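Quick notes on the structure that follows.
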Amino acid sequence: MNKKYLKRSIVGFLGLIVIFISIMTWLYPYSPFSLQKQFTYEPYFVSGNDGTFDVRLQKFKDSYKEDLEADMENKYPNLTINQTEAIFITFDQKWLTERDPISFNTTVLSDMLFEVRQVKEMLLSLIVKIDYTSEQREYLVGSFRKFLGLEESINEVKDEPYIVRSELERRFDNLYVDYLNAFSSYVTFYESVVYE
């Protein structure tokens, strides 16, 4: 009788642990109790006068390629144009350009954070190396601030393990918009320099 009771108790206890971990994994995808530590986000698309983000990104990519080819003929290359390719990669992400759901695990978030920090460093180096007009410098500082905001948004998701699923959805929506705003800000700066 004691053996049966002990066996049932152990099975019941293990069952409770499995239920607890399943609930924690569902409610708090990034918690220490979560088995996968990932969240699947389905991006929504914001469309403005100039189209959806993927359309705007492609237009910028096409004009940037033309600018890069034209700049190769210059004796002294334009540093803003040269640095833009590395910055452009930050925005050319599947979750920003496609409608398919995508899973974000902690590694993906760490990679996004690394890229954003790299862009911040590049923008700072441009501030130091190039003598921009006051208007161009203002646009550049504005772009830097947008990337600073992006860094904070990614950190908010990455460093808080007990965010419930609905809150994660809201934060990824905000992060999506932060990326779009950072892109628009950088394009404004870029165009003020290249097409002055």
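The values are calculated or read from the model by the stated rules, or taken from the named source; none is laboratory data. Everything numeric in this text was worked out from a predicted model, so none of it was measured. A quick note on method: Cβ atoms are made from the backbone with ideal geometry, for glycine too, and the neighbour counts reach across all protein chains shown. When the accessible area is computed, the model is the full protein with side chains, heavy atoms only, and any ligands, DNA or RNA have been set aside. Shrake-Rupley method; radii C 1.70, N 1.55, O 1.52, S 1.80 Å.
Values as computed for the structure displayed
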quantity	calculated
Every pair of residues 6+ apart whose Cβ atoms lie under 8 Å, when the first sits in the range 106-121 and is touching a residue at least 24 places away in the same chain (Cβ under 8 Å) while the second is β-branched (V, I, T) and open to solvent by 50 Å² or more (accessible area, probe 1.4 Å)	E115/I89
Number of the exception - T84 against (1) under 17 Å from Y195 (Cβ atoms); (2) among the β-branched types (V, I, T); (3) touching an Asp or Glu at 6+ places or on another chain (Cβ under 6 Å)	(3)
Which listed residue is open to solvent by 60 Å² or more (accessible area, probe 1.4 Å), at pLDDT below 80 and not in a loop (DSSP other than H, G, I, E, B), from L6, L16	L6
Residue that is surrounded by 11 or more Cβ atoms within 10 Å (Cβ to Cβ), over 30 Å from V194 (Cβ atoms) and under 26 Å from the mean Cα position of the chain (by Cα), where the choices are I102, I23	I102
Complete set of residues in the range 63-90 that are over 17 Å from L140 (Cα atoms), among the hydrophobic types (A, V, I, L, M, F, W, C) and part of a helix (DSSP H, G or I)	L68, A70, I89
Members of the range 160-196 that are surrounded by fewer than 14 Cβ atoms within 10 Å (Cβ to Cβ) and small (G, A, S)	S166
Residue satisfying condition, being surrounded by fewer than 11 Cβ atoms within 10 Å (Cβ to Cβ), without any contact (Cβ under 8 Å) to a residue 60 or more places away in the chain and out of contact with any Asp or Glu (no Cβ under 8 Å at 6 or more places or on another chain), within set K65, K75	K75
Candidates E151, E169 - the one that is out of contact with any helix residue (DSSP H, G or I) (no Cβ under 9 Å at 6 or more places or on another chain), at negative phi, in a helix (DSSP H, G or I) and touching a residue at least 24 places away in the same chain (Cβ under 8 Å)	E169
